[in-house]
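Reviewing the structure listed below.
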Amino acid sequence: MRRGIALALAVAGGAFASPPRFVDYLYIEANEGGSSGGHAALRLGDETYHFQHEAPGVLRLRRDGSEHFRYAYGVLENRTMHLSRVAVPDATYAELRQRFSERYLIERKFFAERDALSDDRVLLERLLAHRRGDTEATIRLRGAGFFFPEDGGTSPSAAALTLLRRVKEAYGADAVERRIEQVRRELMRLTPGSTDSPTPDVPAQGYPQFAYPFSSRYRDLLAALAALEALARALPLRADACRAAVVEALDPVEHRALAAFADRLEEQLVRLLRSERPDWGYPFLVGMARLAALRESERTGRLMLLDAFPPGDEVVPWRALRAYRDIVPDLLAEAREELTRARARLRSGVPIEERDYADVEAAANRLLELDAAANGQRDLRVSAELLPSRDAPWAALVLPDVPEDELAVDLARAKTRARRFAAQLERRYAYDLFSHNCVSEIFATVGVSGAGLGGRLDGRKALDFIPFVSARAVDRCWNVAQRTTLWSYRRSQLAEMYRREEPLHVWLRECNTLTSTIYRRNADDSFFLLFTDDAVALRPLFGAVNVAGALGAGAVGFALLPFDRGHLLASSVRGALFSLPELAFVNLRKGSFAYVRRADRPLDESPGAAGTPGERL
Amino acid sequence: MLARRVRSLVVSSMVALLTGCSVSVSSWSLSKSVRSSSRSSDSSSSSSPGAAERAYRDDVSDYTQAYVKSSGGGDLGNFRADLARLAEEHGITNWEENPSTYTAIGEGLAKAGVSSAALMAYKQNLSGGDASKAQLIQQGYDSGR
């Protein structure tokens with residue numbers, strides 16, 4: 001309270017020339033599994049930065065939208081967060097943000113290079129196979145899947161014919177054919193980079209500069225070739241590449257907005273052909289596909305969209321979705337809300353840009369997918385990102401004009417480079433329990449920025465590397481003006497119930513997984529009977545019940561082993577393990593949720609500034 | 001000896017148990033059916049209008065600053081390629097047609113402290129001869145100083 005008053009006085013007294021910005025250190029309580037020690041994060045307004053321990057034993061910096069972070073960890077993972085807030089001037093905030101952003105971009109570049117070197121190896125293997133006569137070897141070409149392989153017997157697309165005509169008007173009647181030949185020659189002249197050092201350099205500082213990978217150059221040119229082929233033949237969309245949104249017809253304002261966007265997109269595609277960016281082929285394929293969908297929307301008066309789910313997409317199996325069939329209506333309602341929100345942009349009267357259209361495309365895709373899975377009783381495709389990237393197997397590889405033995409040498413070098421670079425990266429970003437973890441790296445990045453948050457903290461000292469200990473260190477050493485608890489989903493629901501109902505009834509009903517109305521059994525959770533996160537005094541007793549229950553379930557699981565593939569047995573073993581700390585008053589497990597309706601999510605203060613109205617996640 | 005090893009194992013296990021940094025994501029799959037990007041550019045986010053645009057500009061600006069500071073200019077082909085990947089994370093495939101791209105590049109160049117002469121070169125090379133794009137870079141540069 002006193003610190004909150006101090007904060008208010010400082011603001012009123014002009015300690016900051018403008019309203020202060022806030023840096024929030026988040027300690028996230030433990031849950032079972034890899035998060036049993038808790039977690040730490042730094043929230044900077046709409047962005048939350050945190051470090052995650054991932055395969056193969058590396059520590060990766062992740063950046064999430066703050067609302068999403070709160071929902072994922074606080075609601076789905078059901079973990080209470082403890083927030084320590086420091087007020088800082090704009091310059092300090094900007095410097096801190098810049099440091100974390102830069103670190104994020106640099107790290108991402110390193111891992112992208114690792115993946116590109118691996119792709120070099122894969123591509124060279126395919127090319128060598130082709131050179132040796134195996135013409136079945138293909139590579140997956142991103143974006144080409146909207147047009148290739150061609151659906152047999154279809155007529156040229158009217159939208160593509162118009163686009164082709166405009167391209168010829170702009171660049172000449174034989175421009176497309178000339179460009180195709182030019183791209184083919186470039187592909188043949190491409191060398192796999194045999195002059196590259198076998199030991200790629202991993203710079204210690206700064207944004208890394210690497211030679212443009214061979215596989216990237218090759219794929220860029222191949223995508224350009226696919227785009228030009230699709231244009232030259234005015235290919236229509238594949239029948240399975242487009243879907244009709246199951247929503248009401250477009251109103252006149254939406255219709256006009258989409259038609260105007262389609263006209264602008266057509267002009268942009270003409271310009272894209274003369275772009276200097278090496279990777280223009282993929283955006284051209286997506287743009288041409290979207291143009292076809294937009295013209296179809298114009299013609300029919302209904303929203304027609306590309307299937308935007310990426311290849312190799314994650315699925316929720318139908319049997320899992322069936323287990324949650326009671327919440328499917330809520331999922332559908334939320335998906336409809338998202339689509340309504342996205343469509344509002346079409347009705348705003350302001351010309352829409354690519355991202356506005358992409359929002360409508362993504363929201364409609366999610367709604368269509370949910371609807372199709374629920375009604376068609378099939379697996380549900382899900383994806384955090386929805387950018388149209390349908391790929392196609394491409395067998396017509398253009399072979400570089402390089403002798404076979406030289407290709408083989410290039411392949412060997414590529415394998416060595418990829419292996420050595422991956423090893424260097426794993427050393428540089430290796431997770432270490434004591435010295436390189438989610439706490440130490442937050443403190444290190446803050447330290448490098450020189451941001452004046454208070455005393456300097458080193459996550460490698462004493463036990464500060466443990467997330468819950470680090471939170472105390474932050475409260476002790478930084479200029480923390482405010483501490484807030486962001487309760488987990490279950491705890492916030494309990495608080496609401498205690499206010500409305502007879503407390504004893506609530507406690508008896510909600511303390512166990514059998515009668516709880518808040519928690520429903522989640523297959524990802526270990527087996528347990530009693531919640532202990534809100535039962536401190538009774539924790540050892542509840543823990544003993546949990547251990548006994550898990551052992552009993554384990555016996556049943558053992559008998560069911562041939563039938564359930566050991567699922568119950570594994571769950572019981574984990575359950576017993578995570579119940580043991582409860583005997584010593586330590587709570588780890590909280591239970592988790594696959595989904596929570598928007599109306600039930602906790603109401604929090606907006607992450608941007610203190611005192612702003614709360615928003616429901 | 002054995003007792004010491006057992007004690008060491010128990011302590012290590014306790015310490016391992018008390019640290020974390022990993023995350024269980026399998027329960028999030030169903031929620032991905034209605035959540036889009038995990039960035040603040042999330043279209044389903046209830047954050048203020050323009051947040052997605054700001055996020056994109058901040059990223060392009062930060063990227064430009066980092067790239068120019070380390071390379072002193074460097075290969076613009078690589079610059080464009082990395083910029084394309086960044087733009088895709090924000091749902092943009094054709095970044096050259098997004099005006100914010102150029103404003104943000106200008107801001108990043110200003111933060112990197114490039115000279116006026118270097119700015120001229122960037123404007124010429126990145127705008128592709130389009131005066132309006134060059135003007136946007138200039139505006140971003142002026143606002144970033």
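Can you list residue pairs whose Cβ atoms sit under 7 Å apart, with the first residue in the stretch A:460-481 being in contact (Cβ under 8 Å) with a residue 60 or more places away in the chain and the second being in a helix (DSSP H, G or I)? Count only pairs 6 or more apart in sequence or on different chains.
Taking only residues 6 or more apart or on different chains, the pairs are A:I466/B:L18; A:V480/A:R3; A:V480/A:V474; A:A481/A:R3; A:A481/A:G4; A:A481/A:A6; A:A481/A:L7.
Based on what the data block shows, is A:R390 crowded, with 19+ Cβ neighbours inside 10 Å, more than 7 Å from every other protein chain (Cβ to nearest Cβ) and in contact with a helix residue (DSSP H, G or I) (Cβ under 8 Å, 6 or more places away or on another chain)?
yes
To keep it simple, each residue is scored yes or no on (1) open to solvent by 10 Å² or more (accessible area, probe 1.4 Å); (2) within 23 Å of A:F578 (Cβ to Cβ).
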position: A:G37; (1), (2): no, yes
position: A:L44; (1), (2): no, no
position: A:L59; (1), (2): no, no
position: A:D64; (1), (2): yes, no
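Condition check ((1) in a loop (DSSP other than H, G, I, E, B); (2) within 23 Å of A:L228 (Cα to Cα); (3) within 14 Å of chain B (Cβ to nearest Cβ); (4) among the acidic types (D, E)) across all residues:
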residue: A:E95; (1), (2), (3), (4): no, no, yes, yes
residue: A:R99; (1), (2), (3), (4): no, no, yes, no
residue: A:Y104; (1), (2), (3), (4): no, no, yes, no
residue: A:R108; (1), (2), (3), (4): no, no, yes, no
residue: A:A112; (1), (2), (3), (4): no, no, yes, no
residue: A:E125; (1), (2), (3), (4): no, no, no, yes
residue: A:A129; (1), (2), (3), (4): no, no, no, no
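Going through A:R499, A:R490, A:R521 one at a time, which residue ends up being assigned to a helix (DSSP H, G or I), under 31 Å from the mean Cα position of the chain (by Cα) and not hydrophobic (A, V, I, L, M, F, W, C)?
A:R490
Checking the conditions here, which among A:V350, A:V315 is open to solvent by 50 Å² or more (accessible area, probe 1.4 Å), modelled with pLDDT under 90 and hydrophobic (A, V, I, L, M, F, W, C)?
Unique residue meeting the criteria: A:V315.
Taking the condition part of a helix (DSSP H, G or I), over 14 Å from the mean Cα position of the chain (by Cα) and either closer than 27 Å to A:A384 by Cβ or not basic (K, R) (or both), does B:E88 pass?
No, not satisfied.
Quick check on the stretch A:268-284: of everything there that is more than 9 Å from chain B (Cβ to nearest Cβ) and assigned to a helix (DSSP H, G or I), which residue is farthest from the chain's Cα centre (by Cα)?
Per the stated criteria, the residue is A:V270.
Looking only at the stretch A:121-148, count every residue that is open to solvent by less than 10 Å² (accessible area, probe 1.4 Å) and in contact with a Ser or Thr (Cβ under 7 Å, 6 or more places away or on another chain) and tell me the total.
Qualifying residue count, the stretch A:121-148: 2.
Restricting the stretch A:354-378 to residues that are out of contact with any Lys or Arg (no Cβ under 9 Å at 6 or more places or on another chain) and among the charged types (D, E, K, R), which is nearest to the other protein chains (Cβ to nearest Cβ)?
A:R355
So which of A:L331, A:L399 is more than 30 Å from B:L86 (Cβ to Cβ), buried (at least 21 other Cβ atoms within 10 Å of the Cβ) and in contact (Cβ under 8 Å) with a residue 60 or more places away in the chain?
Of the residues listed, the single one that is more than 30 Å from B:L86 (Cβ to Cβ), buried (at least 21 other Cβ atoms within 10 Å of the Cβ) and in contact (Cβ under 8 Å) with a residue 60 or more places away in the chain is A:L331.
Please verify whether A:G301 is assigned by TED's automatic domain parsing to the domain that holds A:L368 and either surrounded by fewer than 16 Cβ atoms within 10 Å (Cβ to Cβ) or out of contact with any helix residue (DSSP H, G or I) (no Cβ under 8 Å at 6 or more places or on another chain) (or both), treating the condition exactly as stated.
Answer is yes for this residue.
Using the structure shown, decide if A:V382 is in contact with a Gly (Cβ under 6 Å, 6 or more places away or on another chain), within 14 Å of chain B (Cβ to nearest Cβ) and not small (G, A, S).
No, not satisfied.
Output the qualifying pairs, or none if there are none: Cβ atoms under 7 angstrom, residues six or more apart or on different chains, first residue in the stretch A:52-66 and more than 8 Å from chain B (Cβ to nearest Cβ), second residue part of a strand (DSSP E or B) and charged (D, E, K, R).
A:R60/A:E54
The values are calculated or read from the model by the stated rules, or taken from the named source; none is laboratory data. Quick caveat: nothing in here was measured; it's all calculated off a predicted structure. Neighbour counts run over all protein chains shown; Cβ positions are idealised from the backbone, glycine included. For accessibility, only protein heavy atoms count, side chains too; no ligands or nucleic acids. Shrake-Rupley method; radii C 1.70, N 1.55, O 1.52, S 1.80 Å.
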